[in-house]
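For reference, the structure discussed in these notes is given below.
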Amino acid sequence: MLNMNYIGDSTIYPVEFSTISNNVVQLKGDFPVKNIGFVLSRTAHQDNWDYSAYTTVYREIDGGAQFSNDGSIYEPPESEPDSEPYEPTLEEIKEQKIAEMNAEQQKIIQYGVEVPLSDGTTERFTLKDQDQMSLMGLQTLAAQGIGQIPWHDADSAEHCKYYSAEDMGRITGAALSFISYQVTYFRDLRIYINSLLDKESVQSVTYGTYIPQEYQSEVLADFYSAKNA
């Protein structure tokens, strides 16, 4: 989840961001759709990604909008009466698959990670947007050796619980590593999908598909090696 604000507007909106093509990007979230360009940033980071050139509303979608930087807008294919059903192009199928994989990534991250604790039990910790924003602060508390550190249980019907500094270190370490893997995997998966040459290959991709070595970043290759160790 990133923060978005329009050019000249200080209001910040939490959004999900994905690249659809070389000239089209997608934002999902609760924000007004404007054609003035925008900036993306991360909470508690001094970074900004400039998308001021994306001033054209390519099309509005369920839960968000797509913007282009070349003035293009979405034009649905026209079909003639009694004509053959429209057959999506390879590029359109790739766009659909990437959007599908992005949604799956977000669902998996928010479901969370299972962490073995010091007492021998294992608990699952959700990683929804609010959880993710808390991770760095909780990691700092764990490093300071704070005796009791509160965090939620995965079951929203349960009360919040205290965890020791050791267990909180395990929780935050596992959570950050899990998120890093999912983000790395999805980026390389998008590159891999865009490299495919036929529709059948694109359609067969699922989230978790092994990415061939030639499309693995150095980071993903290290993740794969660690899992197989």
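The values are calculated or read from the model by the stated rules, or taken from the named source; none is laboratory data. It should be emphasised that the depicted structure is a prediction, and the values quoted were computed from it without experimental measurement. Every residue, glycine among them, receives a Cβ derived from its backbone with ideal geometry; neighbour counts consider all protein chains shown. Each accessible area value is taken on the protein alone, full model and side chains, heavy atoms only, with ligands, DNA and RNA left out. Shrake-Rupley method; radii C 1.70, N 1.55, O 1.52, S 1.80 Å.
Here is how the numbers come out for the structure above:
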item: Tabulated pairs, region 128-156, first within 15 Å of residue 115 (Cα to Cα), second part of a loop (DSSP other than H, G, I, E, B) and at pLDDT 90 or above, C-beta under 7 angstrom, 6+ apart or interchain; result: 154/112; 154/126
item: Some residue of region 68-77 being more than 22 Å from residue 191 (Cβ to Cβ), at pLDDT below 90 and either over 18 Å from the mean Cα position of the chain (by Cα) or small (Gly, Ala, Ser) (or both); result: yes
item: Conditions (1) among the aromatic types (Phe, Trp, Tyr); (2) outside any strand (DSSP E or B); (3) in contact with a strand residue (DSSP E or B) (Cβ under 7 Å, 6 or more places away or on another chain); (4) open to solvent by 40 Å² or more (accessible area, probe 1.4 Å): number failed by residue 86; result: (3)
item: Single match in 120, 29, 8, 112 (criterion: exposed (fewer than 12 other Cβ atoms within 10 Å of the Cβ) and modelled with pLDDT under 95); result: 8
item: Matching residues, region 47-72, being part of a loop (DSSP other than H, G, I, E, B), surrounded by 11 or more Cβ atoms within 10 Å (Cβ to Cβ) and not small (Gly, Ala, Ser); result: 48, 54, 55, 69, 70
item: Any hit, region 163-176, residues being under 27 Å from residue 99 (Cβ atoms) and either open to solvent by less than 50 Å² (accessible area, probe 1.4 Å) or not β-branched (Val, Ile, Thr) (or both); result: yes
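Okay, residues lined up against (1) under 30 Å from residue 137 (Cα atoms); (2) without any contact (Cβ under 8 Å) to a residue 60 or more places away in the chain; (3) hydrophobic (A, V, I, L, M, F, W, C):
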position: 2; (1), (2), (3): yes, yes, yes
position: 6; (1), (2), (3): yes, yes, no
position: 9; (1), (2), (3): yes, yes, no
position: 14; (1), (2), (3): yes, no, no
position: 31; (1), (2), (3): yes, yes, yes
position: 40; (1), (2), (3): yes, yes, yes
position: 46; (1), (2), (3): yes, yes, no
position: 50; (1), (2), (3): yes, yes, no
position: 55; (1), (2), (3): no, yes, no
